[in-house]
Amino acid sequence: MRIKADLTLLAVSIIWGTAFVAQNLAASYKSAYLYNGLGFMLASIVLLPFIPKNIHVPTRQWFWMVIAGVVLLVASTFQQVGLFYTKVANAGFLTSLYTVFTPFALYLLFREKPAKADILAVAMAGVGAFLLSTAGKYQVQSGDFLEIAGAIFWTLHIIILGKYASQYEPVSFSVGQFLVSGLLNMVIGFFLEDTSVMFVPVFIGSVLYRAILSISIGYTLQVWGNDTPLLPMQP
């Protein structure tokens, strides 16, 4: 079961990696809130029919869905705005730093000391992400600091899923956190961004790709994959 979950989380990482291309296309239109909002709202609609019938959603689940949705809002905003001012290669590498941050965050928050093998795996993952994303040539961009901030919140989101979301039915939890993040993003976007971008074909295509693959499939598999005990490193 542990191997199956790890392979699932590896597949999630691959899906998210391809999504950076779509996000980079949307970034050229300088839209973060509307882009994320549409993506999360559409993803929640796509997943809605897959929620098990007659499922009971306890109050505690609603609480953690709201928390996860707010963290998702912050993390995705930092990531998307960062793409306005940095290269997609930089964004991919810096976002992947959540794999490095996670074991340290678990130690700080829960006093879970990572094993030596976990530290080695984290170091190898960090080096691998650097080489794959930048080909060993890294140039600092102004948006890099936003991507690092996003990676910190992605770390927090992963910990929330591993510690709390794993206690509940995964599809309903995904729909709940997407609705929270989507609604908040849309409200902010209507006030701060140009809504005409929602009718641009390239922008719409990017939203669809991210909503269906990266969010609907990727995040739901992440919740399912975290249904096993959280290890110091999650892909």
Exercise for review: Under a cut-off of 19 Å between alpha-carbon atoms, report the lysines in cross-link reach of K30, not counting same-chain residues fewer than 8 places apart.
Suggested key: K87
Review point. Which ³J(HN,Hα) values in Hz, rounded to whole numbers, follow from the phi angles of the range 96-113 under the Karplus curve 6.51 cos²θ - 1.76 cosθ + 1.60, where θ = phi - 60° and Gly and Pro get x?
Key: 5, 5, 4, 5, 7, 5, 4, x, 6, 5, 5, 5, 5, 8, 10, 6, 8, 7
Study note, to complete from the structure: By Cβ neighbour count within 10 Å, fewest first, W64, W154 rank W64, W154
Check your understanding: How do M186, M65, M124, M41 rank when sorted from fewest to most other Cβ atoms within 10 Å of their own Cβ?
Key -> M124, M186, M41, M65
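I need V74, V140 ordered by Cβ neighbour count within 10 Å, fewest first. Please list the in-between numbers first.
Numbers: V74 18, V140 9.
Ranking V74, V140 by Cβ neighbours within 10 Å, fewest first, gives V140, V74.
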Study note, to complete from the structure: Rg from C-alpha atoms of the range 2-225, normalised by the globular rule of thumb 2.2 N^0.38 Å, equals 0.99
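Every number here is computed from the coordinates shown, using simple stated rules; none is lab data. Since the model is a prediction, treat every value here as computed from it, not as a measurement. Glycine gets a Cβ as well: all are built from the backbone with ideal geometry, and neighbour counts include every protein chain shown.
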